[in-house]
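Presented below is the structure to which this report refers.
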Amino acid sequence: MTGRQLPPIELRPRDLTRWKKSDTGVDYVHVFKSPEPGPTVMTVALTHGNEFCGAEALHWALDLGLRPACGTWIVAFANVKAYQSFKAEVPLDSRFVDRDMNRVWRDDWIDGEGTHEAIRAGELRPFVRQADCLLDIHSTSFANRPFFVGRNLPRVRAFAEKLVYPPSMLLQNGSFDGKVMVEYGAFGEAHAQQTALVVECGAHFLKATVMVAKHTLIAFLEATGMLEPEVARRLKPAVPPAETGVYTIESVHIAKHEDLKFLAPYEGFEEVAAGTIIAMDGPDPVVAPFDRCTILFPKAQPRQGRELVTLGKRID
């Protein structure tokens with residue numbers, strides 16, 4: 001496989017057992033209610049166990065004793081079992097236990113699969129259903145720009161723009177191989193009000209990625225009324241400038257063969273001309289179908305039966 005070396009491992013999993021038990025009765029899920037009326041918002045970390053920045057940001061916020069100024073704040077560490085399985089020699093293998101937790105968000109799959117991730121999604125589902133607004137904190141294999149991912153709906157794009165940073169966004173229409181959390185239930189309905197976003201904060205194991213996660217978390221809590229502006233200004237870490245752009249996700253290629261290789265060291269957001277062979281899936285080329293085709297989520301360790309690469313188109 002042609003590819004670049006992963007960024008260095010600057011972070012290791014921390015002991016999260018302090019946050020295991022709560023009044024909710026569901027491990028690693030906490031609910032804080034303000035006496036003042038307001039929305040119900042949810043922040044999620046560790047949907048993928050090898051994406052540490054969200055865990056760091058939520059641990060930091062809980063350790064500070066943050067509480068909502070109004071409404072209800074739900075805090076969830078999603079796949080702690082995968083997180084706890086991390087090994088530095090195979091750092092990407094702790095993404096999940098049985099299957100990608102961010103591809104199981106259909107009720108029939110949650111209720112019928114019996115995988116660790118489906119069972120855990122079933123535990124989280126009542127909280128996800130309650131949320132008026134949800135932020136799912138992620139990271140990527142390589143240190144490319146931070147960006148949002150959300151359904152291609154006006155309210156979703158408007159909310160991302162309200163947060164200001166990151167200034168790039170991917171708009172998706174159920175394009176991935178399965179259902180993701182931010183399109184579950186009302187989040188994916190065109191005429192609903194509930195809004196959910198993924199934020200991709202940078203490379204998995206870099207300390208700089210944690211700063212983006214903290215910044216976005218505070219901006220989200222401020223935008224939803226959970227934090228007063230003066231509190232948010234005091235807590236929000238500085239982050240470096242980031243590239244801008246809005247993209248639609250056009251297709252996702254699922255690997256059919258064991259022999260997989262990229263033909264260039266793609267890390268994400270590269271643009272290629274129509275006809276460019278991006279990767280070889282066994283004997284089959286993965287070809288850019290249009291000009292200025294954007295390479296998204298090129299897998300650092302591609303495997304048969306899993307997503308190999310996502311292709312997008314810049315629209316703004």
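The values are calculated or read from the model by the stated rules, or taken from the named source; none is laboratory data. Fair warning: this is a prediction, and the values are worked out from it, not measured in the lab. As a convention, Cβ positions derive from the backbone with ideal geometry for all residues, glycine included, and neighbour counts pool all protein chains shown.
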Item to complete: Quick one: in region 107-127, of everything that is surrounded by 16 or more Cβ atoms within 10 Å (Cβ to Cβ) and of a type in the set (D, E, K, R), which residue is nearest to Gln301 (Cα to Cα)?
Response: Glu117
Worksheet item: So which residues in region 161-184 are in contact with an Asp or Glu (Cβ under 6 Å, 6 or more places away or on another chain) and modelled with pLDDT under 95?
Response: Asp177
Worksheet item: Does any residue in region 104-132 that is of a type in the set (S, T, N, Q) come within less than 6 Å, Cβ to Cβ, of a residue that is modelled with pLDDT of 95 or more six or more places away or on a different chain, and which pairs are these?
Response: Thr115/Asp98; Thr115/Arg99; Gln130/Thr40
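Kindly indicate which of Glu51, Glu56 is crowded, with 16+ Cβ neighbours inside 10 Å, on the phi < 0 side of the Ramachandran plot and outside any loop (DSSP other than H, G, I, E, B). Steps first, please.
Numbers: Glu51 fails: outside any loop (DSSP other than H, G, I, E, B).
Only one candidate passes the filter, namely Glu56.
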Practice prompt. Would you tally the residues in region 168-188 being in a helix (DSSP H, G or I), of a type outside the set (Phe, Trp, Tyr) and free of Cβ contacts under 8 Å to residues at least 60 places away in the same chain?
Written response: 4
Worksheet item: For region 189-218, how many residues are assigned to a strand (DSSP E or B) and more than 20 Å from Arg129 (Cα to Cα)?
Response: 4
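Quick one: in region 148-167, which of the residues that are under 18 Å from Ile218 (Cβ atoms) and without any contact (Cβ under 8 Å) to a residue 60 or more places away in the chain is surrounded by the most Cβ atoms within 10 Å (Cβ to Cβ)? So that I can check it myself, show each step before the final result.
Kept after step one, since they are under 18 Å from Ile218 (Cβ atoms), are these residues of region 148-167: 148, 159-167.
Next cut, without any contact (Cβ under 8 Å) to a residue 60 or more places away in the chain only: 148, 160-161, 164.
Numbers: Phe148: 25, Ala160: 23, Glu161: 12, Val164: 11.
Step by step, filter region 148-167, then rank; the result is Phe148.
Looking at Gly54, Gly122, Gly112 in this structure, which one is within 28 Å of Ala219 (Cβ to Cβ) and not hydroxyl-bearing (Ser, Thr, Tyr)?
Gly54
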Worksheet item: What about Gly71, is it out of contact with any Lys or Arg (no Cβ under 7 Å at 6 or more places or on another chain), over 23 Å from Glu267 (Cβ atoms) and touching a residue at least 12 places away in the same chain (Cβ under 8 Å)?
Response: yes
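Take Val31 and decide whether it is over 22 Å from Val198 (Cα atoms) and surrounded by fewer than 19 Cβ atoms within 10 Å (Cβ to Cβ). Please lay out each step first, then the result.
On the way: over 22 Å from Val198 (Cα atoms): no; surrounded by fewer than 19 Cβ atoms within 10 Å (Cβ to Cβ): yes.
Judged against the criteria, Val31 is not a match.
Here are some residues: Leu64, Leu58, Leu46. Which one is touching a strand residue (DSSP E or B) at 6+ places or on another chain (Cβ under 7 Å) and in contact (Cβ under 8 Å) with a residue 60 or more places away in the chain?
Numbers: Leu64 fails: touching a strand residue (DSSP E or B) at 6+ places or on another chain (Cβ under 7 Å); Leu46 fails: in contact (Cβ under 8 Å) with a residue 60 or more places away in the chain.
Exactly one of Leu64, Leu58, Leu46 is touching a strand residue (DSSP E or B) at 6+ places or on another chain (Cβ under 7 Å) and in contact (Cβ under 8 Å) with a residue 60 or more places away in the chain, namely Leu58.
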Discussion item. Checking the conditions here, which among Thr40, Thr72 is buried (at least 18 other Cβ atoms within 10 Å of the Cβ) and touching a Gly at 6+ places or on another chain (Cβ under 7 Å)?
Written reply: Thr40
Worksheet item: When you scan region 68-97, how many residues do you find that are basic (Lys, Arg), part of a helix (DSSP H, G or I) and either more than 17 Å from the chain's Cα centre (by Cα) or at positive phi (or both)?
Response: 1
Discussion item. For region 233-273, which positions are surrounded by fewer than 18 Cβ atoms within 10 Å (Cβ to Cβ), without any contact (Cβ under 8 Å) to a residue 40 or more places away in the chain and outside any loop (DSSP other than H, G, I, E, B)?
Written reply: Arg233, Arg234
